[in-house]
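A.B. asks: There's a structure below that I have some questions on.
The values are calculated or read from the model by the stated rules, or taken from the named source; none is laboratory data. Small disclaimer: the values here were computed from a predicted structure and weren't measured. Positions of Cβ are generated from backbone atoms using ideal geometry, with glycine treated the same way; all protein chains shown enter the neighbour counts. The protein model used for the area step is the full one, side chains on, heavy atoms only, and it has no ligands, DNA or RNA in it. Shrake-Rupley method; radii C 1.70, N 1.55, O 1.52, S 1.80 Å.
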Amino acid sequence: MTAECDLVVVGSGVAGLSAATEAARHGLRVVVVTKDAPDEGSTRWAQGGIAVVLGDIAGDTVEAHVADTLAAGGGLVDEAATRGILGGGRAAVEALRTDGARFDVHGARLARTREGGHGTTRVIHAGGDATGAEVERALLAALPGDITVLAGHTAVAVRRDPRVTGLDVVDDAGVPGHVAAPAVLLATGGIGALYETTTNPAVATADGWALALRAGASLADVEFVQFHPTALAVPGLVGRAPLVTEALRGEGAHLLDLAGRGVMDDVDPRGDLAPRDVVAGAITAVLARTGTDHVLLDATGVPDVARRFPTVAASCAAIGVDLAREPIPVRPAQHYACGGIVTDTRGRTGVPGLWAAGEVARTGLHGANRLASNSLLEGLVVGRRAGADVVAALAGPRPVAAPTGPVPTSAPAADRAVLQRAMSRHASVGRDAAGLAAASDAIESTTAERALDSRAAVEDAALTLAAGAVLAAAGSRTESRGCHLRSDRPRRDDRWQASSVAVTLVDGRLRLGPLDDRLGEVA
Ligand code: SIN
């Protein structure tokens, strides 16, 4: 298969679809490459909602939302980027509603809920706790008909010469292909498959990080892997753990240990609505202290709970729990990559012709710990801006990207089960130098060069590179901050204040260095 277009978008979640739609509406020929069916990404699993200031809640302002984001982010949030992204939230949400998205209402305005770290109720939602599914549905329904969607295709490599010339792909039958284009936008989502249990779907295999590193772009803040405090504790589960949305706590649910004591008592004055890193850390401490594998979320006092949270109610029912009558067994699970490909707020990376948006990217909005429900908003805002930026960048005269045939490529790839076990054991909440080194050794011992000739091989190689990046960055940050909690360095160290670790790939080896925020000019 060979194709030619103006923009190839890799990924079909909120950021990718927003970018693709924006670019196509301005006349660009767009191809979307996606591994599964277009709605199989992480977006559809998002529950709680979209944190946004729409101007109709007395006393809430973009500045208050910025302040909450800065406070949650452990000193590493980029304030200017944050103000720019959050300030664009209202327009992005209104555009999505114009395109048909239906959010829950309360009287004449949109209903709101609250989540950890937010000073007020500013999170809009859809279908009770099915916000991501509605966002994905609306974006797919509004996708311009002239966009080509290549489902069942995995991105293998970004080609550049020196600017981007296209993308190599492989389909599910192992047939290689190439899409020639002067612009590639990575919107591949997260890294959940680095861990044995995650709230992410199976497609979240860090593909975008690997594509970007091999193309010469930088990652930053990758040690900040966010664990959601309350995934449903399903005995023996490996893979996607059902999320138990934080909005339940926003509506009054409480975390209890198995003896009925409040998990957050005496931990943080914000109690059950402390930011996510604090709550996940507190639960992890309880599990270690009591030798149990879950705590309880008591939502029996939440009014009309099964109707308000139908997705969670169904997940609970599947394991025989009636959330209206009994507490829900929960434990932390990997949830979100706070760091990623370094971009500005238009999605520009340092590589000419390469953009990135959504969870795969690091704009500086999340710092050391993402504030709940800021991610769908970031995907909407930066996705649209990135699409518009590609339009602007390609507006002048430009070199024709000649279609080039795929070349055989290979990369180091570890055994996935070994990697997941090592990361889960040593690079979760509570890490230390010895464990991080042990994880590297375990992964290294099963790593061999593999041809990138199938989805599985591409994913395994991406996971191997991403694990190396997380372990190296986590090992270098000799402190605890945000969701990087080290048991051997339990305190925050001011020498690390405001410093992000950047990761690059030089001659096939990962290199760490200070983040250079000056991104290359996109020609
Ligand atoms: C949740 O609903 O608890 C997750 C929301 C988020 O990750 O922002």
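A.B. asks: With each pseudo-label sitting 7 Å past Cα toward Cβ, what's the Ala498-Asp516 distance in nm, one decimal?
C.D. replies: So the two model labels end up 2.1 nm from each other.
A.B. asks: Just the Cα atoms of the stretch 351-460, one point each, no solvent: what log10 I(q)/I(0) does Debye give at q = 0.16, 0.20, 0.22, 0.23 Å⁻¹?
C.D. replies: -1.06, -1.09, -1.10, -1.12
A.B. asks: Any number yet on Rg/Rh for the chain, C-alpha, Kirkwood? Mind showing how you got there, number by number?
C.D. replies: Working: Rg = 21.5 Å, Rh = 22.7 Å.
With Rh from the inverse mean 1/r over Cα pairs, Rg/Rh is 0.95.
A.B. asks: As a test of the definition: which semi-axes, in Å, follow for the stretch 75-142 when you take the square root of five times each eigenvalue of its alpha carbon gyration tensor? Largest first, please.
C.D. replies: Working through the eigenvalues yields semi-axes of 23, 17, 11 Å.
A.B. asks: Provide His335, His228 ordered by accessible surface of protein heavy atoms (probe 1.4 Å), highest first. Spell out each step's value before the answer.
C.D. replies: On the way: His335 30, His228 0 Å².
I get His335, His228, largest accessible area first.
A.B. asks: What is the chain's relative contact order, in percent, from Cα pairs under 8 angstrom and six or more apart in sequence?
C.D. replies: Dividing the mean separation by the residue count of the chain yields 22 percent.
A.B. asks: With +1 assigned to the C-beta of every Lys and Arg and -1 to the C-beta of every Asp and Glu, and no other charges, what is the dipole magnitude of the stretch 291-407 about the Cα centre in debye, to the nearest 20? Don't jump to the answer; show the numbers that get you there.
C.D. replies: On the way: 11 positive and 9 negative charges, 102 e Å.
Roughly 500 debye, rounded to the nearest 20.
A.B. asks: Could you provide, to the nearest whole Å², the per residue accessible area of the chain with probe 1.4 Å?
C.D. replies: On the way: 18850 Å² over 523 residues.
Heavy-atom accessible area per residue stands at 36 Å².
A.B. asks: For the chain, return all DSSP H helices satisfying: extent of Cα atoms along own axis at least 20 Å; mean Kyte-Doolittle hydropathy at least 0.5.
C.D. replies: 276-290, 375-393, 455-476
A.B. asks: What nm distance separates the two modelled labels at Arg509 and Thr446, each placed 7 Å from Cα along Cα→Cβ?
C.D. replies: If labels sit at Arg509 and Thr446, their model points lie 2.5 nm apart.
A.B. asks: Now a separate question. HN-Hα J couplings of the stretch 157-165 from phi, Karplus 6.51/-1.76/1.60, θ = phi - 60°, integer Hz, Gly and Pro as x?
C.D. replies: These are the phi-based 3J(HN,Hα) values: 7, 8, 8, 9, 7, x, 7, 4, 10 Hz.
A.B. asks: Hey, got the dipole for the chain? About the Cα centre, +1 on K and R Cβ, -1 on D and E Cβ, debye to the nearest 20?
C.D. replies: Its charge dipole is roughly 400 debye.
A.B. asks: Let me ask you something else. Relative contact order, percent, of the stretch 421-523 when contacts are C-alpha pairs under 8 Å separated by at least 6 residues?
C.D. replies: 23 percent
A.B. asks: Probe radius 1.4 Å, ligands and nucleic acids left out: which of Trp45, Trp496, Trp355 has the largest accessible area, and how do the rest follow? List each step's numbers first, then the result.
C.D. replies: Working: Trp45 80, Trp496 50, Trp355 0 Å².
So the residues, ranked largest to smallest area, are Trp45, Trp496, Trp355.
A.B. asks: Report, in deg cm²/dmol and to the nearest 500, the calculated mean residue ellipticity at 222 nm for the chain, where each DSSP H run with n ≥ 4 adds -39500 (n - 2.57) and the sum is divided by the residue count.
C.D. replies: -9500 deg cm²/dmol
A.B. asks: State the percentage of accessible surface on the chain attributable to carbon and sulfur atoms; use a 1.4 Å probe and exclude ligands, DNA and RNA.
C.D. replies: Here it works out to 53 percent.
A.B. asks: Follow-up question, since we're still on this one. For the stretch 147-239, what is the relative contact order in percent, using Cα pairs closer than 8 Å and at least 6 residues apart in sequence?
C.D. replies: 21 percent
A.B. asks: Next question, about the same structure. Sort Asp293, Asp460 from largest to smallest accessible area, using a 1.4 Å probe on the heavy atoms of the protein chains.
C.D. replies: Order by accessible area, largest first: Asp293, Asp460.
A.B. asks: Would you kindly derive the ³J(HN,Hα) couplings of the stretch 100-108 from the backbone phi angles with the Karplus curve 6.51 cos²θ - 1.76 cosθ + 1.60 (θ = phi - 60°), listing them in order in whole Hz, with x for Gly and Pro?
C.D. replies: Listing the rounded values in order: x, 5, 10, 9, 5, 10, 10, x, 8 Hz.
A.B. asks: Stretched out fully, how many nm does the piece from Val175 to Thr61 gain, at 0.36 nm a residue minus the Cα gap?
C.D. replies: Details: separation 114, 0.36 × 114 = 41.04 nm, distance 5.13 nm.
My answer for the length gained is 35.9 nm.
A.B. asks: For Thr120 and Ala95, what is the calculated FRET efficiency with R₀ set at 25 Å and r taken between the beta-carbons, to the nearest 0.05?
C.D. replies: In this case the efficiency is close to 0.60.
A.B. asks: On to the next question. Considering only the chain, what is the antiparallel percent among its DSSP beta bridges, to the nearest 5?
C.D. replies: Working: 48 of 72 bridges.
Of the beta bridges lying entirely in the chain, close to 65 percent run antiparallel.
A.B. asks: Could you please tell me the mean projected area of the C-alpha convex hull for the stretch 175-261, averaged over all directions and given in square nanometres to one decimal?
C.D. replies: Seen from a random direction, the Cα hull of the stretch 175-261 projects 9.5 nm² on average.
A.B. asks: Assign one of three labels to the stretch 410-496, namely rounded, prolate or oblate, based on the Cα gyration tensor with a ≥ b ≥ c the square roots of its eigenvalues; rounded applies when a/c is under 1.5, prolate when it is not and a/b is larger than b/c, and oblate otherwise.
C.D. replies: Prolate, because a/c is 1.5 or more and a/b exceeds b/c.
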